[in-house]
Amino acid sequence: MHNYLDFEKPISDLEGKILELRKLANEDESIDTGDEIARLETRARDAMAEIYGKLNPWQKTQVARHPDRPHFNDYAKALFDEFTPLAGDRKFAEDAAIQAGFARFRGQPVVVIGQEKGHDTKTRIRHNFGSARPEGYRKAIRIMEMADRFQIPVITLVDTAGAYPGVGAEERGQAEAIARSTETCLNLRVPLISVVIGEGGSGGAIAIATGNRVYMLEHSIYSVISPEGAASILWRDATRARDAATSMKITAEDLRDLGIIDGIIPEPVGGAHRDHESVIARAGDTISSALKDLSGRTGDELRTDRRKKFLEIGRHIG
């Protein structure tokens, strides 16, 4: 059984009946449930296509946060060979929320950086739910500078609700670390390709997502603050997160129309959590195409184009 979201009740009811019929058929082979199962499967597919064809921003937020959605480690295992993680910022400590290292992507050496949320209680605590402390961003800076030194393209996979806002993180310069990481992205003389695979939350996301090409999965979100945080500020009521999500323009479609991202990677019907292999393969194809497009540019061209891209955001809106 899947972890169903609240708006998926029609799907869960139908798939629940399918499981019951299959169990019944296994217990008593004389009972023929094939035709009924086929009919229910068709209804379930139709219901899923209808529901996922018209998701509102708050529903997309729920899909982006789905616990079964593929995370950084899933992409790293499927897309990259010889992935060698590097640890520590050489200043204070290791931060497990940001994973980074060297790898080969379809035969080409690359640097890979991204947030890992974890998939169960133990790993979520270890990775701090994908919310990095300053040392995570300083580790990213260290490794991006190595990529620049050795002329290796950088690929970042973004999935965080935001940087960790704890007292210790603030005492160690969280805002400065995020700003330095963003500056490092802008200064790179190698291709930088970013993909928002789940949540792209605030400075915690853009610190590693200031790329030459920025893509989003179809049901991911990207925003300056979480819907709950925006609702708390605007209306002093976090329960109005649905209203905030609608007003903030946080979906892939909204951000493509605003010129903030370069493209949308389609997800399987029912979301990435229902078909990891398919969505990871599509993300890989998009990354590969972007690398080929950027491969002929000089370091100065890559840096100039990247800076121009972000300076022009918002100039032609409205």
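Every number in this text was worked out from the coordinates using simple rules, so none of it is lab data. Bear in mind that the values here come from a model prediction, so they are computed numbers and not experimental data. Don't worry about glycine lacking a Cβ; one is built from the backbone with ideal geometry, like all the others, and counts go over all protein chains shown.
Since only Trp235, Tyr215, Val112 are under comparison, the one whose Cα sits farthest along the positive direction of the charge dipole of the range 94-236, derived from C-beta charges on Lys, Arg, Asp and Glu, is Val112.
Calculate the FRET efficiency for Glu183 and Ala281 from the Cβ-Cβ distance with a Förster distance of 45 Å, rounded to the nearest 0.05.
0.85
Count Lys and Arg as plus one, Asp and Glu as minus one, and take only other residues whose Cβ is under 11 Å from that of Val269; the net charge is then -3. Only one of (1) 16.8; (2) 27.5; (3) 18.7 was calculated from the structure for mean projected area of the Cα convex hull in nm², and its label is (3). Full extension of the chain segment joining Lys292 with Lys249 gains 12.4 nm, where the gain is 0.36 nm per residue of separation less the Cα-Cα distance.
Which chymotrypsin sites (Phe, Trp or Tyr not before Pro) in the range 128-187 sit in a loop by DSSP (not H, G, I, E or B) and have at most 12 other Cβ atoms within 10 Å of their own Cβ?
Working: sites: Phe129, Tyr137, Phe150; in loops: Phe150.
For chymotrypsin sites (Phe, Trp or Tyr not before Pro) across the range 128-187 that sit outside H, G, I, E and B with at most 12 neighbouring Cβ atoms in 10 Å, the list reads Phe150.
Only DSSP H runs of four or more residues enter the estimate; each adds -39500 (n - 2.57), and after division by the residues of the chain the mean residue ellipticity at 222 nm equals -15000 deg cm²/dmol. A dipole drawn for the range 112-197 from +1 and -1 charges on Cβ atoms has a positive end, and of Ala147, Ala175, Pro191 the residue lying farthest that way is Ala147.
Taking a straight line from the alpha carbon of Lys249, these lysines sit under 16 Å away, with near neighbours fewer than eight places off in the same chain left out: Lys54, Lys60.
Length gained on full extension, Asp257 to Phe310: 17.6 nm, using 0.36 nm per residue less the C-alpha separation. In the elastic network of the chain, a GNM with C-alpha springs shorter than 10 Å, the most mobile of Thr239, Thr84, Thr156 is Thr239.
Just the number, please: percent antiparallel of the DSSP beta bridges in the chain, rounded to the nearest 5. Could the numbers behind the result be given before it?
Working: 13 of 33 bridges.
Just about 40 percent of them are antiparallel.
In loop segments of the range 6-76 as defined by DSSP, there are no chymotrypsin sites (Phe, Trp or Tyr not before Pro) with at most 11 further C-beta atoms inside 10 Å of their C-beta. Taking the Cα centre of the chain as origin and assigning +1 to Lys and Arg Cβ atoms and -1 to Asp and Glu Cβ atoms, the resulting dipole is close to 1460 debye. Under the shape rule built on the C-alpha gyration tensor, where the axes satisfy a ≥ b ≥ c, the range 1-130 is prolate, since a/c reaches at least 1.5 and a/b is greater than b/c. On full extension, the segment bounded by Arg104 and Lys23 gains 24.7 nm, given 0.36 nm per residue less the C-alpha separation.
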